[in-house]
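Have a look at the structure below, then the notes.
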Amino acid sequence: MKTLLINIKELLQVRDTPIDKVSGAAMSKLPTIENAFLLIEDNLISDFGKMEDMPQLPEAQIIDATGKTVLPAWCDSHTHIVYAGNRVQEFVDRINGLSYEEIANRGGGILNSAKKLNETSEEEIYQQSKQRLEEVMKQGSGAVEIKSGYGLTVEGELKMLRVIKKLKENYPVAIKSTFLGAHAFPTEYKENHSGYIDVIVNEMLPKIAAENLADYIDAFLETGYFSIEETERIMEAGKKYGLPAKIHVNQFTAINGIEACVKHKALSVDHLEIVTDEDIEILKNSDTMPVALPSCSYFISIPYTPARKMIEAGLPLALATDFNPGTTPSGNMNFVVATACIKMKMTPEEAINAATINGAYAMGLSETHGSITKGKRANLIITKPITSFYQLPYAFGTNLIDQVIIEGKLV
Ligand code: NIG
Ligand code: FE
């Protein structure tokens, strides 16, 4: 099947020569073609260029994009879309003055979601999660990473990962699955950290590997959660099963966790609200992608990742939502891109690079996703008529998406 997009006002993120990521000053360049066409054959981008060079294809289905901008669908490399219920009460408790930490210390937070998840059936969790996935697809996400981490028991973690597997099977969006058994210590292991890590390493991981349920491994490396040494044990165990690491780190405190992640060749380090000069130096000599989650900073009022400092140091940066019930009950990548521009002073070009090709890199998908390149998946956002793509972050509360195409088909 052929679909031809014609009269595209501006085609964004055009990369004739495939790239895997963009770093530093190169992030400010977003190559585009004005007055463009784009040809989709089956699920792939097969051709694109200026309108005057468009091939004659009478058999193709035509989409007229006059006045509209077309860009690659968002690549959201960090989410916790699979969860049960919500944490609305904690939201109100925080408005009334409690901190995220205080709520967690009295049994709320991640443990609250874990309790709900373990009480909810796999089918019910699937039903709740699929609604969120359908919502983010409409908001332009074409590739999504999803983590476990609200089970914290063998059965609960397997249940979450099986839901992710089912979403992978039933939806066209590319999904990568990350095992986050090391999200928090269950109450019964509060004083026995090594006991819980034994469960992760000796019970959870072998079962997950046997059912082929995960692509990556994650841990919450943070003061009061998993220490550097504990996270290293998790990363090493993951490596034995071929699971590269993507680690939650530097959300509240900087404790040299990034160094350990880079040493273990983590694919990404995520959050980074607190970043030291030493952390930046260490990231410079690595292939590890830093990932910022500005909606989390917004929602729980913590600092934003120092994007300017990192990009000016020559680093790449990816943007993701962190969609989860506690710190970011939103999977809207349009809001993430706008907030990165408004609050982190990223330019629209940098933010779009961060939310497409660099996001794809952060989930091992940059060969197939994240840019307009021949042979890549036809995952596209068609905007409403806009004057310039700067309008996307500028009109931050307006839905400017007209249509979304995933794997060559309209969502
Ligand atoms: O990425 N920081 C750790 N994990 C999640 C939040 C977990 C929760 O509160 O449910 C995050 O922000
Ligand atoms: Fe997260």
Tally up the residues in segment 140-153 that are within 15 Å of the chain's Cα centre (by Cα) and either free of Cβ contacts under 8 Å to residues at least 24 places away in the same chain or surrounded by fewer than 21 Cβ atoms within 10 Å (Cβ to Cβ) (or both), please.
0
When every residue in segment 123-138 that is open to solvent by 40 Å² or more (accessible area, probe 1.4 Å) and not acidic (Asp, Glu) is compared, the one farthest from the chain's Cα centre (by Cα) is Gln127
Output the residue which, of all residues in segment 326-352 that are within 16 Å of ligand 1 (Cβ to nearest atom), open to solvent by less than 20 Å² (accessible area, probe 1.4 Å) and not aliphatic (A, V, I, L, M), is nearest to Ile381 (Cα to Cα).
Gly331
Please go through segment 112-122 and pick out each residue that is assigned to a helix (DSSP H, G or I) and either within 9 Å of ligand 1 (Cβ to nearest atom) or open to solvent by less than 30 Å² (accessible area, probe 1.4 Å) (or both).
Asn112, Ser113, Ala114, Leu117
Name the residue that is surrounded by the most Cβ atoms within 10 Å (Cβ to Cβ), counting only residues in segment 87-105 that are within 13 Å of ligand 1 (Cβ to nearest atom) and in a loop (DSSP other than H, G, I, E, B).
Arg87
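Mind telling me which of the residues Gly195, Gly156 ends up being in contact (Cβ under 8 Å) with a residue 40 or more places away in the chain, of a type in the set (Gly, Ala, Ser) and in a helix (DSSP H, G or I)?
Details: Gly195 fails: in contact (Cβ under 8 Å) with a residue 40 or more places away in the chain.
Just one listed residue meets the conditions, Gly156.
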Which residue pairs have Cβ atoms closer than 6 Å, lie 6 or more positions apart in sequence or on different chains, and pair a first residue in segment 74-86 that is more than 15 Å from Val173 (Cα to Cα) and more than 9 Å from ligand 1 (Cβ to nearest atom) with a second residue that is at pLDDT 95 or above and part of a loop (DSSP other than H, G, I, E, B)?
Ala84/Thr120; Asn86/Pro325
Single match in Leu38, Leu57, Leu71 (criterion: touching a residue at least 40 places away in the same chain (Cβ under 8 Å), assigned to a loop (DSSP other than H, G, I, E, B) and not basic (Lys, Arg))
Leu57
Any idea which of (1) outside any loop (DSSP other than H, G, I, E, B); (2) touching a residue at least 24 places away in the same chain (Cβ under 8 Å); (3) open to solvent by 10 Å² or more (accessible area, probe 1.4 Å) is the one Glu52 doesn't satisfy?
(2)
Which residues, counting only those in segment 42-101, are closer than 14 Å to Leu4 by Cα and among the basic types (Lys, Arg)?
Lys50
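Select from segment 198-224 the residues that are assigned to a loop (DSSP other than H, G, I, E, B) and in contact with a helix residue (DSSP H, G or I) (Cβ under 9 Å, 6 or more places away or on another chain) and write down the one among them that is nearest to ligand 1 (Cβ to nearest atom). Break it down into steps so the answer makes sense when it comes.
So in segment 198-224, the residues assigned to a loop (DSSP other than H, G, I, E, B) come out as 211-215, 222-224.
Imposing the further condition that a residue be in contact with a helix residue (DSSP H, G or I) (Cβ under 9 Å, 6 or more places away or on another chain) reduces the set to 211-214, 222, 224.
Details: Glu211: 24, Asn212: 25, Leu213: 20, Ala214: 17, Glu222: 7, Gly224: 11 Å.
That would be Glu222.
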When only residues in segment 159-192 that are open to solvent by 60 Å² or more (accessible area, probe 1.4 Å) and not in a helix (DSSP H, G or I) count, which is nearest to Leu213 (Cα to Cα)?
Pro172
Is one or more of the residues making up segment 214-221 open to solvent by 60 Å² or more (accessible area, probe 1.4 Å) and touching a residue at least 24 places away in the same chain (Cβ under 8 Å)?
no
Could you say whether any residue in segment 361-371 is within 16 Å of ligand 2 (Cβ to nearest atom), at pLDDT 95 or above, buried (at least 24 other Cβ atoms within 10 Å of the Cβ) and not hydrophobic (A, V, I, L, M, F, W, C)?
no
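Taking the condition over 16 Å from Pro31 (Cα atoms) and in the same structural domain as Gly314 (by TED's automatic domain parsing), does Lys384 pass?
Numbers: over 16 Å from Pro31 (Cα atoms): yes; in the same structural domain as Gly314 (by TED's automatic domain parsing): no.
So Lys384 does not fit the description; no.
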Answer yes if at least one residue in segment 304-314 is surrounded by 23 or more Cβ atoms within 10 Å (Cβ to Cβ) and within 16 Å of ligand 2 (Cβ to nearest atom), and no otherwise.
yes
Scan (1) out of contact with any strand residue (DSSP E or B) (no Cβ under 7 Å at 6 or more places or on another chain); (2) within 16 Å of ligand 2 (Cβ to nearest atom) for the single condition Asn105 breaks and write down its number.
(2)
Selection within segment 325-374 - without any contact (Cβ under 8 Å) to a residue 60 or more places away in the chain, part of a loop (DSSP other than H, G, I, E, B) and in contact with a Ser or Thr (Cβ under 9 Å, 6 or more places away or on another chain):
Ser330
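Being touching a Lys or Arg at 6+ places or on another chain (Cβ under 9 Å) and assigned to a loop (DSSP other than H, G, I, E, B) is the filter; apply it to segment 139-152 and report the residue that is farthest from ligand 2 (Cβ to nearest atom).
Result: Gly151.
The values are calculated or read from the model by the stated rules, or taken from the named source; none is laboratory data. Computed from a predicted structure; not experimentally measured. Every residue, glycine as well, gets a Cβ built from its backbone with ideal geometry; the counts of neighbours run over all protein chains shown. For accessibility, only protein heavy atoms count, side chains too; no ligands or nucleic acids. Shrake-Rupley method; radii C 1.70, N 1.55, O 1.52, S 1.80 Å.
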